[in-house]
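The block underneath contains the structure these notes are about, expressed in structure tokens.
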Amino acid sequence: MAMKHGFVLLFLISQLHLSFSASGQVNTLESVPDLEQSMYLTVNGYPCVRLLNLSGEIGCANPGREKVVAPVLRYKNIEHIDQSSSILIQLDDMVDLMRRLSNDTGLARKVAGVLVESGTKLQNESKGFSPVEKFPQAEFSPYQELNYEWNPLGSSIMWNSYNFPIFLLDEDSTVVLQKIADKNEKNKQAYKVDVAEFNLVMQTTKSGTHDSESCLKQQSCLPLGGYSVMSSLPPIDVSSTQKPKSIVLAMTSMDSASFFRDKSPGADSPLSGMISLVAAVDALSHLGDLDELNKQLVFLFFTGEAWGYLGSRRFLAELDMGTDAVHGLNSSLIEMVLEIGSVGKGFSQGVSSFFAHASRDLPATKKTLDAFRHAHNSLRSDSINISMASSSNPGIPPSSLMAFMRKNPLTSGVVLEDFDSAFSNKFYHSQLDDLSNIDSKSLVAAASLVARALYILASDGKILNTTKLNSINVNSSLVDELLGCLLTCEPGLSCALVKGYITPTSTCPNHYVGVILGPPSSTPYVEDLRDTSRFLWNFLAEKTSKPRKENSTICSEDCSSKGGVCIRAETDGKGTCVLSTTRYIPAYSTRLKFDTGIWNLLPANASDVMGMVDPVWMESFWSEIGLRAYTVQNAAYDRFVLLGGITVTVLAYLAMIVTKAIVTKALKRD
């Protein structure tokens, strides 16, 4: 009974202690959540998650089924690590640490997790950070020089598997964890220590599935993918009996990658190219009589390109199958391909410089290069320069055009980039490739070149209307607005431009491809689409539309049956019916098939050259991801308290026996 009363007393004392803040003021703890909030600090950050392919797995996860808890230690003290610890590092040290842990298994066993600091100074002081390969996705290259270094700063640390959690901290949490690490360092002999608790338990770890084939069978993962967007100018009349026009295909990418899943801004690579093409489409949409052009302009915005060119390869597969998503298109009609790559870093010393990388020395390729020169001359600007890429390059740089060339080696194509022989982007596929890494002047210049070059190419065979050509001007305000919407959190996707078309699911944009949900379709459910795809689809549908014969613009059941699409339906619940050839195209591996509610891996087909090297990327399921910090008593101190308690108990027992003996003896004497 006395022991029970002792526990009650200790509990009351602890509650009394928790009810006071460090300043001496009373904190009212009215519920269990209040108590939990006073004990635990939620840490905001961006996780590295587990991804799988046919060869194995990459990324990060807790080593087992339980949360990981360990004291926070700075990287500079790693040589003296004597217990499992959470390592706090600066970004500049990340590559060094990851390589050390890959080569030193003994040290790796002592690392419970890694916390990466963030801050504005890092980007200015860093010499560069790119966690992918020096030749990204070289397996899809149409040439053999696979050791060429397009990305000299590439470290490849993103492609390793780490059996411990890694989080990128936001700026506020960075400051908090720095203080915690400093506190632990100062109080090495203290009986309390501050720890980080990682909740990054992956379903693939639980189920023991360590590659994409096994995790698909166990349904512990989903394929990477999403929806690309296609549009045309003018709209394609699929009911026309006239001979279809040859196609000038302009394309770009909309997805990026990063070591940290939810921090993939991709400002230069590839958002600068995407925004430039959007601005070019807007500029061309103001021209009249586009039906008189000799060529058909088609625009493609691919997703999944950072993960095995999912968007472009699936588009080519859809063309072969003649699906609804590409109705009215034919691969034999594609005369030339123009890709807008990274164009955000071309501005320097008052001049925007770009390089045209050509696929092959073909007549159509020469036409495209001539169109760029003509477009450049028509701008009459000394602040824009375009050159042919060096002939010493092994071929085109990593781009969607590679997928087209692997499919058809005779594809005529040009990639417009802001670099010649190596990436100018020091932060390729990293969280640092943000708005501060690019210049809007470079995007406006690229869009101006592209818009005029496309008009010249589409006018092929007829006398060029110089007046119309000179009237093609890019809206620089639109470019700035798109940058704010797609590359910042303020205003982010809550900007007026985006909210005029869709109801975004989040404010901060993130351009990681994500996973494809539900059965792939050319008319997917809104909830299966990412914000960027939905915005692009609505924006392009409006810009490339032409007036309907019917007076009514209200969306109804017959809108799609008469060649129309319903835009802005998310914002007002009604929508507007416009005549436009704008479609969603599924983007996922050509080695996958969705059947009876599940994804199945198709056997490799020797006739599908790219399918033979397709990694088939998957993302593991998880129940929740979290990171928090709190204070615990040192285990040695706990053992000391336990030993002291046992000692006191034994001594008290002995004292009680001795006292009893003395009292008994005294009573007998009396």
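The values are calculated or read from the model by the stated rules, or taken from the named source; none is laboratory data. Remember, predicted model here, so these are calculated numbers, not experimental data. Neighbour counts are summed over all protein chains in view; Cβ atoms, including those assigned to glycine, are modelled from backbone coordinates with ideal geometry. Side chains are part of the model used for accessible areas, which takes the heavy atoms of the whole protein and leaves out ligands, DNA and RNA. Shrake-Rupley method; radii C 1.70, N 1.55, O 1.52, S 1.80 Å.
For the stretch 60-199, count all C-alpha to C-alpha pairs, find those more than 19 Å apart, and express that count as a whole percent of the total.
Summing the P(r) tail past 19 Å for the stretch 60-199 gives 56 percent.
Pairs of Cα atoms under 8 Å, at least six residues apart: use those to get the relative contact order of the chain, whole percent.
Relative contact order, the chain: 20 percent.
Over the Cα atoms of the stretch 144-235, compute the convex hull volume and normalise it per residue, giving Å³.
That works out to 293 Å³ per residue.
7 Å from Cα along Cα→Cβ at both residue 172 and residue 664: what's the point-to-point distance in nm?
6.7 nm
Need the full-extension length gain, residue 476 to residue 570, defined as separation in residues times 0.36 nm minus the C-alpha distance. One decimal, nm.
Net length gain for the segment: 31.1 nm.
If the chain between residue 102 and residue 517 were fully stretched, how many nm would it gain, using 0.36 nm times the residue separation less the Cα-Cα distance?
146.0 nm
Ranked by accessible surface with a 1.4 Å probe, highest first, in what order do 526, 95 come?
526, 95
Return one quarter of the surface area of the convex hull spanned by the alpha-carbon atoms of the stretch 330-386, equal to its mean projected area, in nm².
Directional mean of the projected Cα hull area for the stretch 330-386 stands at 4.9 nm².
From the C-alpha coordinates alone, can you work out the Kirkwood hydrodynamic radius of the stretch 518-618, in Å?
Answer for the stretch 518-618: a Kirkwood hydrodynamic radius of 16.0 Å.
Using just the alpha carbons, could you tell me how many Å³ per residue the convex hull of the stretch 83-122 encloses?
Once divided by residue count, the hull of the stretch 83-122 is 50 Å³.
Within the stretch 402-423, whose backbone N sits under 17 Å from a point 7 Å along Cα→Cβ of residue 385?
Once the point is set 7 Å along Cα→Cβ of residue 385, 417-422 turn out to lie under 17 Å by backbone N, inside the stretch 402-423.
DSSP beta bridges in the chain, what fraction antiparallel, as a percent rounded to 5?
Percent antiparallel among DSSP bridges in the chain is about 60.
Quantify, in whole percent, the carbon and sulfur part of the accessible surface of the stretch 558-670 (1.4 Å probe; protein heavy atoms only).
63 percent
Quick one: Cα centre-to-centre distance for the stretch 466-529 and the stretch 605-666, in angstrom?
Taking the Cα centre of each part, the stretch 466-529 and the stretch 605-666 sit 48 Å apart.
From largest accessible area down, sort 210, 286; use a 1.4 Å probe on the protein chains.
So, going from the largest accessible area down, we get 286, 210.
Rounded to whole Å and ordered largest first, report the semi-axes of the equivalent ellipsoid of the stretch 427-522 derived from its Cα gyration tensor (root of 5λ).
31, 19, 15
List the aspartates and glutamates whose alpha-carbon lies under 16 Å from that of residue 366, not counting same-chain residues fewer than 8 positions away?
Cross-link targets: 335, 339, 460.
Taking every pair of alpha-carbon atoms in the stretch 543-670, give the share separated by more than 22 Å as a whole percent.
74 percent
Just report the Cα centroid separation between the stretch 395-454 and the stretch 122-197, whole Å.
The stretch 395-454 and the stretch 122-197 have Cα centres separated by 26 Å.
Determine, from the Cβ-Cβ distance of residue 392 and residue 348 and an R0 of 25 Å, the FRET efficiency 1/(1 + (r/R0)^6), rounded to the nearest 0.05.
Efficiency computed from Cβ-Cβ geometry: 0.65.
Compute the Rg/Rh shape ratio of the stretch 68-149: radius of gyration over Kirkwood radius, all on alpha-carbon atoms.
When Rh is taken as the Kirkwood radius, the ratio is 1.10.
Could you compute the FRET efficiency for residue 333 and residue 40, with r as their C-beta to C-beta distance and R0 at 56 Å, rounded to 0.05?
0.40
Step through the table entries 295/441; 134/426; 217/593; 76/110; 499/549; 76/179, compare each Cα-Cα distance with 21 Å, and write down the pairs that go over it.
Beyond 21 Å: 295/441; 499/549.
Of all chymotrypsin sites (Phe, Trp or Tyr not before Pro) in the stretch 505-540, which ones are in loop regions per DSSP and have a Cβ with at most 16 other Cβ atoms within 10 Å?
Filter output for the stretch 505-540: 525.
For the stretch 236-298, what is one quarter of the convex hull surface built on the Cα atoms, given in nm²?
If you wrap the Cα atoms of the stretch 236-298 in a convex hull and average its projections, you get 6.1 nm².
Stokes-Einstein D for the stretch 239-365 at 10 °C, 1.306 mPa s, Kirkwood Rh over Cα pairs, in µm²/s?
95 µm²/s
Out of the total accessible area of the stretch 334-436 (probe 1.4 Å, heavy atoms of protein only), what percent is carbon and sulfur?
Solvent-exposed carbon and sulfur of the stretch 334-436 make up 49 percent of the total.
Counting only heavy atoms of protein chains, what accessible area per residue, in Å², does the chain have with a probe of 1.4 Å?
47 Å²
So how do 474-485, 99-110 stack up, highest first, on mean other-Cβ count within 10 Å?
Ranked from most to least packed, the peptides come out as 474-485, 99-110.
Please list 361-372, 341-352 highest first by mean number of surrounding beta-carbon atoms within 10 Å per residue.
341-352, 361-372
If you line up the Cα atoms of the chain on their principal axes, what length do they span on each, largest first, in Å?
133, 57, 51
Set the Förster radius R0 to 56 Å, insert the Cβ-Cβ distance between residue 360 and residue 641 as r into 1/(1 + (r/R0)^6), and round the FRET efficiency to 0.05.
The value I calculate is 0.15.
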